[in-house]
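J.: The structure that follows is given in the form of structure tokens.
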């Protein structure tokens, strides 16, 4: 294998259309060929149908999966009108991501034969070939271009070239055979002594632009401002030799070295050493993809995150230094420091071996293997950069991993090709996952910064997040913003020190009011709503999902900066509270906004008869409501209007006048203000809220 060059990802720019078409065609065929060549290492048809591990499908699934991905995405994008084999394109479509380590799957499938799948792949090959040769091509190829989907299918197959090689490595030896095009490294000597290299503090921006000339996955785009303090990084990846000290010291039986999740995995798996290590009497051997060899002590150890984390805990204990895994930002800092972001020579892209190699073979500045050889675990659960958007044709590439259970690893391995080999790539796996992955450690007194990856999925909370911070629908202006503007106009030249947004929900009106008031307090009975407003005030950004239809969702990411509210966030605070029983500290306000509140209170009269005590003399009370009285919120006898009284209609506005006139005078309204709440992509609530504005008598 050494000396061959697997084609790199084609640039998406250029001026010669036919040359670019030929380049993409070659990229497709060499990738398709190489993927099929990987499955040539299986020794018999039975090897396709026996699961290498209980948590994953048998290899027949992965043999068919990448081909069906092409067809499914091309049909979805409108590039193909008809399917080739609907049964295959359903059977081989989903089920790729590894489950939890204790979630054993006993599902049974009526898998087709190897020959049937091979024939299907050839039909797919011919179909994609014709499409590449005939489809109109303009340059550059952009995110919205149909050709992006073609590149997507090729890059997707390169991902599975690697993940399938890991499954083959976990297969029983009887199911694999050596292959001249999958030759491992044969070099091994004594492992070098690891030492530390100082990485200076750095500030930089990561995240790709849509105009970048190389294909990227959704999580790579956007912007993240990174800042790292000075730290030290191990010169080499942790070698098998260095890790042996941890094994010999009883690291796999010392519970104090393992985090709760890692300990549970270790006990379930009954792990006593790295998965690919094999004890042979008093000697150790290493399982490669296709055979076992005497332990190459100077190669990088390969572990999951839990094992790497436990090693760092042990290393910290014995060295007395704060040893841990790097964060994604710290890995990027050392990558830039070493010059590896320019992609120097490395054990990468199948350029050298079908295995790891010694940790001191490829130097990158003062470090080694900053990229290539094996992936490197980080402390960072994957999260979206600012400006993240899903691609409509592959909307679940990354979003299922935004669960704080998938950690990023960086740098690529010997078989990482195409997009995977780029320093900008961002791949994350469950922490118990086995890939061709190892680690390097750092020494730093700073803790690893964790970015939020949480997308709010509570349906009601997400609807209100969209109601407050999302799109406008049917030309109806944003309701909380409109109310805040009306309230501010009503203040005229009155003092504007403190405002109370009562029933603030997710808080948009609170932020809008803060543009006029010195301080705004938002109070809502729902802790779920309050948590969103507080998170937005702290982080400046919200992430939530919206139901489109059934189980289909879209992903939203508004920010205070985009709304022009980032400079007032420090003037807003949020509390959970009961409008009918507020604490005494919530008083001396110049404005109280009670938006769509009174018809949701259990005792609206109690609120209305005491609200003047919370306002300064001359202060303003603004009440809005659609007057939707429901007994599930307010007992019938507690309604303040919406019924017959003395044989005549008695409206809620009548009730408001009766209860407020002792302490207030009406200065504006009633007037109707519309609002729209999105329930699904095709279902909306269109409602009118009546607004009245009252001034507290002196």
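J.: Taking the stated definitions as given, is residue 640 in contact with a strand residue (DSSP E or B) (Cβ under 7 Å, 6 or more places away or on another chain) and either outside the structural domain of residue 480 (by TED's automatic domain parsing) or crowded, with 20+ Cβ neighbours inside 10 Å (or both)?
T.: Criteria not met by residue 640.
J.: Those residues that are in a strand (DSSP E or B) and free of Cβ contacts under 8 Å to residues at least 24 places away in the same chain, I need them from region 648-690; list them, please. Give the derivation first.
T.: First, the residues of region 648-690 that are in a strand (DSSP E or B): 648-650, 664-680, 683-690.
648, 649, 650, 670, 671, 672, 683, 685 - these are the residues of region 648-690 that are in a strand (DSSP E or B) and free of Cβ contacts under 8 Å to residues at least 24 places away in the same chain.
J.: What tally of residues in region 123-152 results from selecting those that are in a loop (DSSP other than H, G, I, E, B) and touching a residue at least 24 places away in the same chain (Cβ under 8 Å)?
T.: So the count comes out to 8.
J.: Here is a check on your reading of the model: is residue 387 free of Cβ contacts under 8 Å to residues at least 24 places away in the same chain and farther than 15 Å from residue 424 by Cα? Let's see the steps before the verdict.
T.: On the way: free of Cβ contacts under 8 Å to residues at least 24 places away in the same chain: no; farther than 15 Å from residue 424 by Cα: yes.
Against the criterion (free of Cβ contacts under 8 Å to residues at least 24 places away in the same chain and farther than 15 Å from residue 424 by Cα), residue 387 does not qualify.
J.: Hey, can you tell me all the residues within region 459-472 that are surrounded by 15 or more Cβ atoms within 10 Å (Cβ to Cβ) and in contact with a helix residue (DSSP H, G or I) (Cβ under 8 Å, 6 or more places away or on another chain)?
T.: Matches in region 459-472: 461, 464, 465, 467, 468, 469.
J.: Of the residues 22, 67, 47, only one is touching a strand residue (DSSP E or B) at 6+ places or on another chain (Cβ under 9 Å) and assigned to a helix (DSSP H, G or I); which?
T.: Only one candidate passes the filter, namely 47.
J.: Here's a follow-up. Which residues, taken from region 557-587, are at pLDDT 95 or above, in a loop (DSSP other than H, G, I, E, B) and in contact with a strand residue (DSSP E or B) (Cβ under 6 Å, 6 or more places away or on another chain)?
T.: Result: no residue meets the conditions.
J.: Cβ-Cβ below 7 Å, separation at least six or inter-chain, first residue in region 526-539 and in contact (Cβ under 8 Å) with a residue 60 or more places away in the chain, second part of a helix (DSSP H, G or I): which pairs?
T.: 528/461; 529/461; 529/464; 532/461; 532/465
J.: Where in region 195-309 are there strands (runs of 3 or more DSSP E), lying fully within it, with 2 or more residues that are surrounded by 16 or more Cβ atoms within 10 Å (Cβ to Cβ) and under 28 Å from the mean Cα position of the chain (by Cα)?
T.: 202-206, 224-228, 231-234
J.: Filter region 180-191 down to the residues that are more than 26 Å from residue 54 (Cβ to Cβ), surrounded by 15 or more Cβ atoms within 10 Å (Cβ to Cβ) and in contact with a helix residue (DSSP H, G or I) (Cβ under 9 Å, 6 or more places away or on another chain) and list them by number.
T.: Listed by number, the list holds a single entry, 191.
J.: Ok, one more. With 424, 428 as the choices, which residue is within 26 Å of residue 205 (Cα to Cα), touching a residue at least 40 places away in the same chain (Cβ under 8 Å) and not in a loop (DSSP other than H, G, I, E, B)?
T.: Going through 424, 428 in turn, the sole match is 428.
J.: Could you please give the count of residues in region 473-507 that are closer than 19 Å to residue 616 by Cβ and assigned to a loop (DSSP other than H, G, I, E, B)?
T.: Residues meeting the conditions: 6.
J.: Regarding region 538-547, can at least one residue be identified that is under 27 Å from residue 696 (Cβ atoms) and crowded, with 19+ Cβ neighbours inside 10 Å? Break it down into steps so the answer makes sense when it comes.
T.: Residues of region 538-547 that are under 27 Å from residue 696 (Cβ atoms), as a first pass: none.
The answer is no, given that none of the residues of region 538-547 is under 27 Å from residue 696 (Cβ atoms) and crowded, with 19+ Cβ neighbours inside 10 Å.
J.: Within region 526-537, does at least one residue satisfy the condition of being touching a strand residue (DSSP E or B) at 6+ places or on another chain (Cβ under 6 Å), outside the structural domain of residue 398 (by TED's automatic domain parsing), over 22 Å from residue 486 (Cα atoms) and part of a strand (DSSP E or B)? Lay out the reasoning, then the answer.
T.: From region 526-537, those touching a strand residue (DSSP E or B) at 6+ places or on another chain (Cβ under 6 Å) are 527, 530, 533-534, 537; that's our starting set.
Applying the additional criterion that residues be outside the structural domain of residue 398 (by TED's automatic domain parsing) yields 527, 530, 533-534, 537.
Filter again for over 22 Å from residue 486 (Cα atoms), leaving 527, 530, 534, 537.
From the residues that got through so far, the ones that are part of a strand (DSSP E or B) too are none.
The answer is no; no qualifying residue exists.
The values are calculated or read from the model by the stated rules, or taken from the named source; none is laboratory data. Worth saying up front: this structure is predicted, and the values here are computed from it rather than measured. Positions of Cβ are generated from backbone atoms using ideal geometry, with glycine treated the same way; all protein chains shown enter the neighbour counts.
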